[in-house]
Each structure stands twice: as structure tokens, then as C-alpha cells.
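**Q** For reference, the structure I am asking about is given below.
What follows draws every value from the coordinates through simple rules; no lab data is involved. This one's a predicted model, so the numbers in the text were calculated from it and none came from an experiment. Note: ideal-geometry Cβ built from the backbone for every residue, glycine included; neighbour counts use all protein chains shown.
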Amino acid sequence: MIILLHVCIALLSIVSASWAFIRPSRRRIYLSCGLVVGTLLSGTYLVLSLHSPLMQTCETGLTYLAIASFGIAGAWYRLARRV
């Protein structure tokens, strides 16, 4: 069950970061950041509770984090230029 929740939060955060990049606002950016934190917390819980292979998990997590971070950073940049 927690795996399904983790995947849903991760996908929602990618969609949220993309939407924040397209139409930047503080609220959308904060929502994206919160979803990223939620994904990282649930992923940490999964790694610790299921004893999953750490190297493969870290590679996937770092890829996800890079994509989400670039979207959020781009949204901040676009919002700053607009003001």
C-alpha cells in the first residue's frame, strides 16, 4: 500500500513541478516542494522497512530528484523574471 502511495506522490510531484514551470506561482512551487519532501520521506521509509537494494534505489531517487528540482528551479526563475 505504501508503495502505491509513494508512486502516486512521485508522479503527482512531477506533474505539479511541470505545471508550476508552465504557470509559475508561489503556491504551485510550494506545493511541488511539499510533494518532493513527501516522496523522499516515503521512499526513505520504504528503503528502511523493506531493506531494498540501496544502490538501485538511490539511482532512481536521484534521477527523480534531479527532474523535480530542475522543474521547481525553473519555475522560481520564471516567477522571479515575471515580477
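**Q** Identify, please: which residue in the stretch 4-48 is exposed (fewer than 12 other Cβ atoms within 10 Å of the Cβ) and farther than 18 Å from F70 by Cα and is, among those, farthest from the chain's Cα centre (by Cα)?
**A** The selected residue is L48.
**Q** Follow-up. Can you say whether L79 is buried (at least 16 other Cβ atoms within 10 Å of the Cβ) and farther than 13 Å from I3 by Cα, as far as the supplied structure shows?
**A** Here the answer is yes, as L79 does meet what is asked.
**Q** Can you spot a residue in the stretch 67-80 that is in contact with a Ser or Thr (Cβ under 8 Å, 6 or more places away or on another chain), of a type in the set (V, I, T) and touching a residue at least 24 places away in the same chain (Cβ under 8 Å)?
**A** Looking for residues that are in contact with a Ser or Thr (Cβ under 8 Å, 6 or more places away or on another chain), of a type in the set (V, I, T) and touching a residue at least 24 places away in the same chain (Cβ under 8 Å), one finds at least one in the stretch 67-80, hence yes.
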